[in-house]
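First the structure, in the form of structure tokens, and then the observations on it.
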Amino acid sequence: MKNKYSVFSLIKNALSQHENWQQAWGNPEPKKEYDAIIVGGGGHGLATAYYLAKKHDLKNIAVLEKGWIGGGNTGRNTTIIRSNYLWDASAGLYDHALKLWENLSQELNYNVMFSQRGVMNLAHNLQDVRDLKRRTHANRLNGIDAVWLNTEEVKKFCPIINTSPDIRYPVLGGTLQRRAGTARHDAVAWGYARGASDMGVDIIQNCEVKGIKRNGDKVEGLETTKGFIKTNKIGVVAAGHSSVIANMAGLKLPLESKPLQALVSEPVKPIIDTVVMSNAVHAYVSQSDKGELVIGAGTDSYVSYTQRGSHNIVEETLKAILELYPIFSRMKMLRQWGGIVDICPDASPIISKTNIKGLYFNCGWGTGGFKATPGSGDLFAHTIANDEPHKLNAAFNLNRFVSGDLVDEHGAAAVAH
Amino acid sequence: MFLINCPFCGERDQSEFSSGGEAHIVRPKQPTELSDDEWAEYLFMRKNIKGIQFERWNHVHGCRKWFNVVRDTSNDKILSVYKMGEKPPVNYK
């Protein structure tokens, strides 16, 4: 690392009034040709470029981003990280990511503020109780930490939750994954960008892909707003816009893009030191290091690329939040926003080759991609470099929609999609 | 969030409706003859267009009837509404 961050660099730069910090990543013009191009400069795309450069033989790599890096869903999510998924394939994928998170700040020499504050999922009816207990057992069989908490234990772990039996959706218990938590989303994009740039990856911002040039069944390059760029390996990590890019290559994907909303409150003193999610009432909340409550709402039911979302969705979420946490009744919400999430019919991602040679897709993360960022990048890099999936993402191929071998996490994931 | 002009009830809030996704996906006439690829195409593959999309809506908290809508998904503007069984308007593609 050229400019390693440490306590010594901090002291040194403090003595020069912090005026001599170097740019963390470069801002190059695109070359004529690359060995591989990643389309999309969010967390997943930058992580892919980072692991391609670090672990594989490809050195001449570019990341194309139509806006600024980390400005899409990476900068819009509620930063929750967990791996307590039901099915073996999902458990393998998400726990691979969680293990990479645990060492990511050291790996990148960049503080991603990963905080293992635990994620608790609440049960509000008998079916929730059965489902969540089943998931706890499945998790433990897969080596993922998970415990079942009864109502009193939930109250002890997070005292501000209203556990009265009289509320509309009473808390009958919950599961807890202690290794789960949150991270600073922007830092993840910036840390990977800095690491990738340091290994020679060109990060090209304000460069939108306009077309994919094909020669028969293989790719030859990309038409962009900065001209034509030649390459024979294209990894698309465009989240909500994956279908738009796929259409350029004449491909159709099993995706629907919908607005997903989140909101934050005014900052207050520490009040909730964990992440609490509730599937049945669709409310989840944590508190940022600045003190804001970070609240995730649901998706709209229709396809839209507007990055707004409907007011009634926010209203429903806040109703649930207020019933569970009466203490928040006088909190003011400061900001609300939407991101466009690409949802697969089985609510599992696609990290896959396509039937066009040299064209790879990493998409379909739907409402929960942030948690997988390091694992997704690592496995997608492997898939691009070897033209074969890693065993951890083999189940997440595009062909599963033809074979019927779906990874159905829809009801099984910890929160409704 | 937007208003939808239900062909049976008039203009109502979008929250009264439920989205039925892409329109004009024809149900296979001979399901037993279909290959796995054709089933995947019918069941799962979607155009997911950024721009003008033809889609189905159901006025679930109203007359409960289905109808079609032409909407620009990049700005949520509704361009046309037409009943089930009617030909889609030709001035949009």
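So, in the stretch A:283-326, exactly how many residues are farther than 24 Å from B:Val69 by Cβ, assigned to a loop (DSSP other than H, G, I, E, B) and among the aromatic types (Phe, Trp, Tyr)?
Selection size over the stretch A:283-326: 1.
Would you confirm whether any residue within the stretch A:350-367 is within 14 Å of A:Ala97 (Cα to Cα), in contact with a Gly (Cβ under 7 Å, 6 or more places away or on another chain) and among the aromatic types (Phe, Trp, Tyr)?
No, that holds for no residue.
Inspect the stretch A:26-49 for any residue being of a type in the set (A, V, I, L, M) and surrounded by fewer than 23 Cβ atoms within 10 Å (Cβ to Cβ) and give the result as yes or no.
First pass over the stretch A:26-49, keeping only residues of a type in the set (A, V, I, L, M): A:36-39, A:46-47, A:49.
Subset that is surrounded by fewer than 23 Cβ atoms within 10 Å (Cβ to Cβ): none.
No: the stretch A:26-49 contains no residue that is of a type in the set (A, V, I, L, M) and surrounded by fewer than 23 Cβ atoms within 10 Å (Cβ to Cβ).
Return a yes/no flag: does the stretch A:334-344 have any residue that is over 23 Å from A:Ser243 (Cβ atoms), within 19 Å of the chain's Cα centre (by Cα) and surrounded by fewer than 24 Cβ atoms within 10 Å (Cβ to Cβ).
Step one: list which residues in the stretch A:334-344 are over 23 Å from A:Ser243 (Cβ atoms), which gives A:334-336.
Now restrict to residues that are within 19 Å of the chain's Cα centre (by Cα): A:336.
Narrowing further to those that are surrounded by fewer than 24 Cβ atoms within 10 Å (Cβ to Cβ): A:336.
Looking through the stretch A:334-344, at least one residue is over 23 Å from A:Ser243 (Cβ atoms), within 19 Å of the chain's Cα centre (by Cα) and surrounded by fewer than 24 Cβ atoms within 10 Å (Cβ to Cβ).
Would you confirm, using the coordinates I've provided, whether B:Arg64 is more than 9 Å from chain A (Cβ to nearest Cβ), over 13 Å from the mean Cα position of the chain (by Cα) and at pLDDT 95 or above? Full working, then the answer.
Details: more than 9 Å from chain A (Cβ to nearest Cβ): yes; over 13 Å from the mean Cα position of the chain (by Cα): yes; at pLDDT 95 or above: yes.
Yes.
Within the stretch A:134-150, which residues are over 16 Å from A:Val119 (Cα atoms) and buried (at least 16 other Cβ atoms within 10 Å of the Cβ)?
Across the stretch A:134-150, the qualifying residues are A:Ala138, A:Asn142.
The values are calculated or read from the model by the stated rules, or taken from the named source; none is laboratory data. Quick caveat, the model's predicted, so the values are computed rather than measured. Please note: Cβ atoms are built from the backbone with ideal geometry, for glycine as well, and neighbour counts cover all protein chains shown.
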